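Visitor: Questions regarding the structure given below will be posed in turn.
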Amino acid sequence: MRKLQKTSLLVCLTILVLFGSAGVIAYWPAISQFLAASQTAVSEQTGVDPFSYDPPLPSYVKDLHPAYKIQAELHSSEAKISGKMTVEFDNPKTKDVRLYVYDYIWNKMSVKSIRYKERALPFNREISVVKLDNPFGNELRGELTIEFENPVPRRGTRFGVKDDIWTLTTWYPMLAAQNQQGNWYDPPQRIDFGDPFIYHYGDYDVSFVSPRGYQWVSSAGRGQIRELEGSKQEIHYHGKKLLNFALVGSPLYHIETITFPPNLTVDIASVDKGNIERIKAIAESVFPTYTDWYGALPYPHVSIAETSTGTTYAMEYANLAIFKRDMYQRNLIDHWLPHEIAHLWWYNSVATLEASHGWLDEGLVELSVYHYLQNRYGDQSASTLLSEYTRDNQRLREKYPAGKLDKPLQTFATEEEFHWTWYSKGALLFDNLRRQIGDDSYKRFLKRVQQNYHGSVIGAEHLDQALGQALQGEAKYFVTNTKNPHTQGFAPVYFEPYITTVINGMSFYPTIPARVTKNTVYIPLREVGERMGLGISWDKEKQMIRVKGYGREVFIKEREQMAMVGEKRLDLGQPLLEIKERTMVPLSFFDQALGFETIYEPEEKTVKIYTRAAGN
């Protein structure tokens, strides 16, 4: 069966969204009824996903398909990592090649050498970027060999060791990222809060040596371990399409593994066996809840690691949820561990440019906590959290009225503005959508995002496209609302649902869907016309479109509503439109100008056209 294209009915949802002190959000429940009926109708007619034809928008990061092979050793007594790695990737066809080095200014990673085919290459190290001339020439792919050494801070930092728990994040040089135009991203300036790093998904083959007896969790599970001489051990890891590769380990760790369907293993690491039971209780509620809302994680292994007191609050890295032991105080773990686990979907499986669009993952994971609380404790607990978001949003409007969701990390005036914007208002942005379209459609939307964009770096326009596909139409919500100032509140979903097109009793699926605008069905002229046997051409002399067939010759002009049928002028009732550089004609053109039989059935979301000889 060919893929279903669509005609669409323009519906502008006039929804008043109120974010006052009571936190009231009004929405239109009728949209859920429409979507349910439409979903059933499409399923009965096709048995397949009718909107899978629409290709996903390009990732913000051009995929050079990097493959890392890393051999590294942790020297615990010296607190340093020494390593040798190769990274193979597509030739970027740029003058230079760049690597990111995400270290601390006060604790520098040393890039000792870079080689290409055994030839040493000169390079220039800036703050977070290593630049070298592109050595690949006309080759499609190339491989760099890099030697590095990285001192591990003896602190509770994102990358560091404290109380013999080693948190090894961004510990190796990594291939830099380009946009789709082939320009290298400059890594954003690092500040005291937030994670501004830009990553490039890649495949990893890592051999990591550490003292014997160390227990590790990683971005690729537990790995395969073998003992070496000198009281050492080597663990071998394999991971596909990872945002980065991180490890957390300790000679003091106890690790317990639990499983979730369909094929997910979760490794839980803590120095206290009693804490593992508490973590398990949260995990056993969180993972099924998030899988229900977002779909199964597309990785076989993830990990939860508890670090020591006085370390970084909570962190997300590839397939890792990390939190500090202090969170047992005031039961903070019951918020922030579900938050970090949600990052396994939003940040990890699907990424964004954190410094620019951090509202995307932070907003989604904060609303994830709401879903967790509701599933585990009930509506009252979840509503209390939502009320906190609403109060934060009100303070945001009062104190920072000119701000907006899509505000770069480095431009926030204070940490409270950052938190209120990306976390609280970000959560409300998604909850507002959920309440408009209903839980079922909202789940379809987020599962569509996972399906379309796993391994991609996305923004508001990607969400809008996935939303339209999930709702079976064309939607605009995220781009608008992330650009608007806080004082405007949330704009409602602008949505044009699609309808099925049937020609002579057979479904036809044009590339550009038809749609109904101002109560008028618009049809893509060329695709539908040629499907029906019409000849369509451009008349240079008349500067008009010529349509011929079935005994008639009709001339029409772009963006006008009059047609010439022989010597007669015919008013089509509405002018021609242009959508995605395609001419769209009102349905009356096929009926009145060409003499075809047309039937529009709004309840069934179907338009039918039957050819017949003109004049009959």
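Visitor: Which members of the stretch 77-101 meet the condition of being of a type in the set (S, T, N, Q) and exposed (fewer than 15 other Cβ atoms within 10 Å of the Cβ)?
Guide: Those that are of a type in the set (S, T, N, Q) and exposed (fewer than 15 other Cβ atoms within 10 Å of the Cβ): S77, T94.
Visitor: Continuing with the same structure: Within the stretch 184-208, work out how many residues are surrounded by fewer than 19 Cβ atoms within 10 Å (Cβ to Cβ), out of contact with any Asp or Glu (no Cβ under 8 Å at 6 or more places or on another chain) and farther than 27 Å from W422 by Cα.
Guide: Total meeting the criteria: 2.
Visitor: If you go through the stretch 230-260, how many residues are assigned to a loop (DSSP other than H, G, I, E, B) and in contact (Cβ under 8 Å) with a residue 24 or more places away in the chain?
Guide: Count: 7.
Visitor: Can you go through T390, T311 and tell me which one is under 26 Å from the mean Cα position of the chain (by Cα) and polar (S, T, N, Q)?
Guide: Result of the check over T390, T311: T390.
Visitor: So which helices (runs of 4 or more DSSP H) stay within the stretch 381-466 end to end and still have 1 or more residues that are charged (D, E, K, R) and crowded, with 23+ Cβ neighbours inside 10 Å?
Guide: Once the helices (runs of 4 or more DSSP H) in the stretch 381-466 are filtered for at least 1 residues that are charged (D, E, K, R) and crowded, with 23+ Cβ neighbours inside 10 Å, what remains is 439-453.
Condition check ((1) under 19 Å from Y204 (Cβ atoms); (2) at pLDDT below 95) across all residues:
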{"site": "D90", "(1), (2)": "yes, no"}
{"site": "K95", "(1), (2)": "no, no"}
{"site": "Y104", "(1), (2)": "no, yes"}
{"site": "S110", "(1), (2)": "no, no"}
{"site": "Y116", "(1), (2)": "no, no"}
{"site": "R119", "(1), (2)": "no, no"}
{"site": "F123", "(1), (2)": "no, no"}
{"site": "E126", "(1), (2)": "no, yes"}
{"site": "V129", "(1), (2)": "no, no"}
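Visitor: Counting residues that are more than 22 Å from E601 (Cα to Cα), out of contact with any Phe, Trp or Tyr (no Cβ under 7 Å at 6 or more places or on another chain) and free of Cβ contacts under 8 Å to residues at least 60 places away in the same chain, which strands (runs of 3 or more DSSP E) fully inside the stretch 492-587 reach at least 3?
Guide: Of the strands (runs of 3 or more DSSP E) lying wholly inside the stretch 492-587, those with at least 3 residues that are more than 22 Å from E601 (Cα to Cα), out of contact with any Phe, Trp or Tyr (no Cβ under 7 Å at 6 or more places or on another chain) and free of Cβ contacts under 8 Å to residues at least 60 places away in the same chain span 535-539, 544-549, 552-556, 568-571.
Visitor: Can T157 be described as in a loop (DSSP other than H, G, I, E, B), hydroxyl-bearing (S, T, Y) and surrounded by fewer than 23 Cβ atoms within 10 Å (Cβ to Cβ)?
Guide: Spelling it out, T157 is indeed in a loop (DSSP other than H, G, I, E, B), hydroxyl-bearing (S, T, Y) and surrounded by fewer than 23 Cβ atoms within 10 Å (Cβ to Cβ).
The values are calculated or read from the model by the stated rules, or taken from the named source; none is laboratory data. This is a predicted model, so every value here is computed, not measured. With ideal geometry, Cβ positions are generated from the backbone for all residues, glycine too; neighbour counts draw on all protein chains shown.
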